[in-house]
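See structure below.
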Amino acid sequence: MLKIGYIGNGKSTNRYHLPFVLQRDHLQVKTIYRRNPSHDVWQKPEHIHYTTDLEELLNDTEIELVVITTMQDSHYDYAKLALDHGKHVLVEKPFMLTTEQAEEIFSYAKQKGLIVQCYQNRRFDSDFLTVQKVIESGKLGDLLEIEMHYDYFRPEVPENTQHFDPYASFLYGHGCHTLDQVISYFGKPDSVHYEVRQLLGTGRLNDYFDLDLFYDRLKVSVNSSYYRIKPRPSFVVYGKKGMFVKETKDRQEEHLKLFYLPEGHPDFGIDLPEHYGTLTYLDENGHYHEEKVISEKGDYGRIYDGLYETIRHGAKKIVRDEETLLQMQMLETGIKECH
């Protein structure tokens, strides 16, 4: 049993972590620290101890893993503090504010003989896993182009923001999901083209980005906007022999927002037939095919399974340090291009 403490008791902890951890027998949440009990709005599981005393959590010898789910401007300080107390650390994304901070934390963890990892749960989105299955089927032939979109229609967000904060940008807040997906599957690109914009003008929120990552002949485009009244497809994949279109995104977040949780719901996050992607291709005989592809099952909790194996059995990290550092470098470079 791996016992866990959380620093932070907001949406991240309660929506994207606890529902998956609480259904795993090899994990136990012991303590959650939060600074402001008056801000508690989430239902509290009876077996979890809640505290406003951070030292109580950090000095508990039973707690081996500390998960940091606060705003990113406190990630560095809390991670270092947890390492000082001999704890392994899992940090929400974006991992740190800068590459320099990330390098320092990874180096410090190695000195302490401890594990630090970024919580890249979107590696286990259903749509992303399904795209991998289609690519690996070989039916598309050599890959030429991939379009990834993460769109909203939330004009009130940029319109109500009157200043520019690189660390509260759309790129930092959402590029950390999709960039990691690309890096995790394709590795380090040969080159990157950045288009990061403030559609309402300078001094306002970064509300749009379009990043092109080049791998030899393959181009992977990572695109997001706050002004898409109808979102673009989640994924479009082109190969020499065909294409695959996945219109809708993973449904885990949709269900979590409705408090339809994985515990007791075997259909949690599962695509219905109307959500399946369409694969169109020519086979080796030149015959045309168009077929639906049953979606893979997503599960954010697989990050915890991997971390458990790393801590308990020395398995390689699911999210490698160099992948996190590469993403931090790309976020830093991209936001400097913002205009």
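Bear in mind these aren't lab numbers, they're just calculated from the coordinates by the rules spelled out. From a predicted model like this one, the values you see are computed outputs, not experimental measurements. Cβ coordinates were reconstructed from backbone atoms using ideal geometry, including for glycine residues, and neighbour counts include every protein chain displayed.
Please determine, in degrees from 0 to 90 and to the nearest 10, the orientation of helix 321-336 with respect to the longest principal axis defined by the Cα atoms of the chain, where the helix direction is its Cα long axis. Around 70 degrees separate the two axes.
Simple point charges give the picture: +1 on the Cβ of Lys and Arg, -1 on the Cβ of Asp and Glu, and for segment 2-119 a dipole about the Cα centre of about 340 debye. Among the trypsin sites (Lys or Arg not before Pro) in segment 26-128, which ones are in a DSSP loop with at most 15 other Cβ atoms within 10 Å of the Cβ? Mind listing them? The qualifying sites are Arg35.
Rounded to whole Å and ordered largest first, report the semi-axes of the equivalent ellipsoid of segment 2-119 derived from its Cα gyration tensor (root of 5λ).
Its equivalent ellipsoid spans semi-axes of 22, 16, 13 Å.
Rounded to the nearest 10 degrees, the inclination of helix 99-112 to the longest alpha-carbon principal axis of the chain is 50 degrees.
Based on Cα contacts under 8 Å between residues 6+ apart, the chain shows a relative contact order of 19 percent.
Put a plus charge on the Cβ of each Lys and Arg, a minus charge on the Cβ of each Asp and Glu, and nothing anywhere else: the dipole of the chain about its Cα centre is then about 140 debye. Taking θ as phi - 60° and the Karplus parameters 6.51, -1.76 and 1.60, the scalar couplings of segment 212-219 work out to 10, 10, 10, 10, 6, 8, 8, 10 Hz in sequence order, x denoting glycine and proline. Between segment 120-193 and segment 37-64, how many Å separate their Cα centres? A separation of 33 Å, based on Cα centres. Close amide H pairs (under 5 Å, H built 1.01 Å from N) link Tyr208 with Arg197, Leu199, residues at least 5 positions away or on another chain. Going by alpha carbons, how many degrees (0 to 90, nearest 10) lie between the helix axis of 176-186 and the longest principal axis of the chain? Once rounded, the angle reads 60 degrees.
Local charge sum around Glu64 (other residues, Cβ-Cβ under 9 Å, Lys/Arg +1, Asp/Glu -1)?
Counting the neighbours of Glu64, the net charge comes to +1.
Here the peptides 68-75, 21-28 are ranked by packing, the mean other Cβ count within 10 Å, and the order with the highest first is 68-75, 21-28.
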